[in-house]
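Novice: Shown below is the structure under consideration.
Where a number appears in this text, it was derived from the coordinates with a stated rule and is not lab data. Please read all numbers here as calculations on a predicted model, not as lab measurements. A quick note on method: Cβ atoms are made from the backbone with ideal geometry, for glycine too, and the neighbour counts reach across all protein chains shown.
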Amino acid sequence: MMGRSPNRLSILSFTCFSLLFRSILTVGFDHLVDQLEDQETVALRTTPDNLQMRQGSPFKIALFADLHFGENAWTNWGPRQDVNSIKVMSTVLDEETPDFVIYLGDVITANNIPIANASLYWDQAISPTRARGIPWASIFGNHDDAPFVWPMEWFSAAGIPQLCCPAVNLSYSGKEGCSFKGTQRVELIKNEIKLNLLSYSKNGPKDLWPSISNYFLQVSSSDDPKSPVVFLYFLDSGGGSYPEVISSAQAEWFRQKSQEINPDLRVPEVIFWHIPTKAYKKVAPWFGIHKPCVGSINKESVAAQEAEMGIMELLVKRPSVKAVFVGHNHGLDWCCPYRKLWLCYARHTGYGGYGSWPRGARILEITQQPFSLRSWIRMEDGLVHSEVVLS
């Protein structure tokens, strides 16, 4: 769900698309490119399933939702939003010092990116986390592999600006400089994993294709890496190159995997995807946010998946499932109880995308003995609000 540029005529001021990339110098992108090129020479590890808590400390996760990098990429407005998004993430990371980051979908606005490999923008989006040495995982939203949509102003008298696309010898450029064909999920996740030793993202089972980011991670005890404290499940809620649904096949994958790794329901489970299910509509507060819901903005209706195909029925039957976290709706940041679990929104983090509400990020804090899941929202100005206990 993207926004509109307030500066539609700025296209006339651009003689070459490569000026976009120069604007990223303000956040040290040249250094980032050097890092990417250096990493190709490093022996790449197989992405593990295990994260381990630090001795005597809770495990803290920052959720970055709806960054929308690359939006209106041919204007001077778009790159400025990307720089602003990096500032928001940097503030949150420096204030909270999380142990882990989750990119909760719509990392990029692929339908605005006229180059062959949108991983260039994906790399920009994860750069603040990588620069601080913090591991992360990502899932896909509906804009991450959406096909390029031709801007109407390109058909004006001024015509299409000269496009100086990335050199083909760069690791993220692809075989073609400009193709307008977009970058599919499988390529985006492949490039992230290939070039980043700190990435815990996964392709997921091949038989669930075109759904890609379906996997789980275990957060283990500080005393024993084999002793799970919580399981984190990631599901691809569609959009872009396939319908906005969590399919029955994905629901069955979750059923089998959760039964395999947590058969006695002893270990708490937390779930992440991008587009809310229809269950979010059932609990959505009216006219503000009232108890038992907790949050600060309730400015639009829930934009749910196209259909419910079984995932919520499975979740509500598992008392081990404590909460579900989504993005997608930029004007919502509430958490509301649903049956015996919580349905939560993150907070719109990126300056790309629609809406003028202040940006921020939802924080999760997991403690081990006794287990608890606590959450709050850290804003771009450093303030904290909407603290809630979810377990």
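Novice: Using 0.36 nm per residue, how much length does the chain from Arg80 to Phe287 gain when fully extended, once their Cα-Cα distance is taken away?
Specialist: Details: separation 207, 0.36 × 207 = 74.52 nm, distance 3.35 nm.
Full extension from Arg80 to Phe287 adds 71.2 nm.
Novice: Moving to a separate point now. What residues from region 117-143 fall in the zone where the backbone N is under 17 Å from a label point 7 Å along the Cα-to-C-beta line of Arg54?
Specialist: 129-136
Novice: Moving on. Taking other Cβ within 10 Å of each residue's Cβ, how do Lys322, Lys282, Lys291 sort, fewest first?
Specialist: Numbers: Lys322 20, Lys282 14, Lys291 7.
The order, fewest Cβ neighbours first, is Lys291, Lys282, Lys322.
Novice: Next question. Over the Cα atoms, compute the radius of gyration (one decimal) and Dmax (the largest Cα-Cα distance, rounded to a whole number) for region 56-139, in Å.
Specialist: 13.3, 49
Novice: Also, quick follow-up: What is the Rg over Rh value, at two decimals, for region 298-340, using alpha-carbon atoms and the Kirkwood definition of Rh?
Specialist: Values: Rg = 11.9 Å, Rh = 12.2 Å.
That ratio equals 0.98.
Novice: What are the aspartates and glutamates whose alpha-carbon lies under 15 Å from the alpha-carbon of Lys194, with same-chain residues fewer than 8 places away excluded?
Specialist: Glu37, Asp38, Glu40, Asp123
Novice: Take the Cα radius of gyration of region 19-389 and divide it by 2.2 N^0.38 Å, with N its residue count; two decimals is plenty. Could you put the intermediate results ahead of the total?
Specialist: Working: Rg = 19.8 Å, N = 371, 2.2 N^0.38 = 20.8 Å.
Scaled against compact globular proteins, the figure is 0.95.
Novice: Run the simple label-point estimate for Glu387 and Asp223 please: 7 Å along Cα→C-beta, distance reported in nm.
Specialist: Distance between the two pseudo-spin positions: 2.7 nm.
Novice: If we count other beta carbons within 10 Å of each Cβ, what is the order of Val324, Val283, fewest first? The partial results should precede the final answer.
Specialist: On the way: Val324 25, Val283 17.
Arranged by neighbour count, lowest to highest, Val324, Val283 become Val283, Val324.
Novice: Hey, another quick one. Sorting Leu104, Leu235 on the 10 Å Cβ count, fewest up front, what's the list? Intermediate results must be reported in sequence, preceding the final value.
Specialist: Working: Leu104 29, Leu235 26.
Neighbour counts put them in this order, fewest first: Leu235, Leu104.
Novice: Relative contact order of region 196-321: what whole-number percent is it, with Cα pairs under 8 angstrom and at least 6 residues apart? Present the calculation step by step, with values, prior to reporting the outcome.
Specialist: Values: 172 pairs, mean separation 29.6, N = 126.
RCO, region 196-321: 23 percent.
Novice: If you don't mind, there's one more thing I want to ask. Excluding residues on the same chain fewer than 8 positions from Lys291, give the lysines whose Cα lies under 28 Å from its Cα.
Specialist: Lys60, Lys278, Lys281, Lys282, Lys299, Lys317, Lys322, Lys340
Novice: For Lys206, go through the lysines and keep the ones whose alpha-carbon is under 17 Å away, minus same-chain ones fewer than eight residues off.
Specialist: Reachable lysines: Lys190, Lys257.
Novice: Next up: Which of the three applies to region 262-391, rounded, prolate or oblate, going by the alpha-carbon gyration tensor with a ≥ b ≥ c and a/c under 1.5 meaning rounded? Before the final figure, lay out each step's value.
Specialist: Values: a/c = 1.87, a/b = 1.28, b/c = 1.45.
Since a/c reaches 1.5 but b/c is at least a/b, the shape of region 262-391 is classed as oblate.
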